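Contents: one structure, followed by commentary.
Each value in this text was obtained by applying a stated rule to the coordinates, not by laboratory testing. From a predicted model like this one, the values you see are computed outputs, not experimental measurements. Every residue, glycine as well, gets a Cβ built from its backbone with ideal geometry; the counts of neighbours run over all protein chains shown.
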Amino acid sequence: MRSQGPFSSEQIDTYLLETVVPLRLACADPDGHPLVLSLWFLWREGALWCATAPDARVVALLRADPRCGFEVARDAPPYRGVRGQGRAELVPARGFEILEALVDRYLGTHESRFARWLLGRGKDEMAIRLVPSRLSSWDFSRRMS
């Protein structure tokens, strides 16, 4: 995997492990137009993992064309982040496992109404594994201080 920008590979790993914001995923619709959506993510096993309902539009789009782009960045200063390109793999067998891990990461509990709702409908959840082929980082912290 190629990477460029101010972050080392270790810094990219740390950033993706510690940054708890939705990932912006870009894929192509049937007309070739880009579609951008936000999904919760995990960084593990050298890939970004997301989960969604198996009948979600993004699942059909990635099944038709697994090429994608993504970005993980906060919307507030200091502006920094990681973006890249890669391929998506649909992994239904790991859907519920990934959903549970995402609920832990973003909600911190399985006891809230929203967590129970997500997990209650999650037995058929579809895991999405985004395998980066190219990563780039940016960090405008010094210029913004």
In the neighborhood of A73, defined by Cβ-to-Cβ distances under 10 Å, what is the net charge if each Lys or Arg adds +1 and each Asp or Glu adds -1? +2
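Filter the trypsin sites (Lys or Arg not before Pro) in region 64-145 to those in DSSP coil with at most 14 other Cβ atoms within 10 Å of their Cβ, and list the result. Walk me through the intermediate numbers first.
Values: sites: R67, R74, R80, R83, R87, R94, R105, R113, R116, R121, K123, R129, R134, R142, R143; in loops: R74, R121.
Those satisfying the criteria are R74, R121.
Determine the gain in length on full extension of the stretch S9-A28; use 0.36 nm per residue of separation and subtract their C-alpha separation, reporting nm with one decimal.
Numbers: separation 19, 0.36 × 19 = 6.84 nm, distance 2.81 nm.
Gain on stretching S9 to A28: 4.0 nm.
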Estimated FRET transfer efficiency when R0 is 25 angstrom, pair R44-D124 (beta carbons, to 0.05): 0.70
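Based on the Cβ-Cβ distance from E89 to R116, what FRET efficiency comes out when R0 is 30 Å, to the nearest 0.05?
0.55
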Counting helices only, and only those DSSP H runs with n ≥ 4, report the 222 nm mean residue ellipticity of the chain as the sum of -39,500 (n - 2.57) divided by its residues, in deg cm²/dmol to the nearest 500. -8000 deg cm²/dmol
Distance between modelled label sites at V20 and D104, nm, 7 Å Cα→Cβ extension: 1.3
Using alpha-carbon coordinates, inclination of helix 9-18 to the longest axis of the chain, degrees: 50
What is the sum of charges, Lys and Arg at +1 and Asp and Glu at -1, for the other residues whose Cβ falls under 13 Å from the Cβ of D55? +1
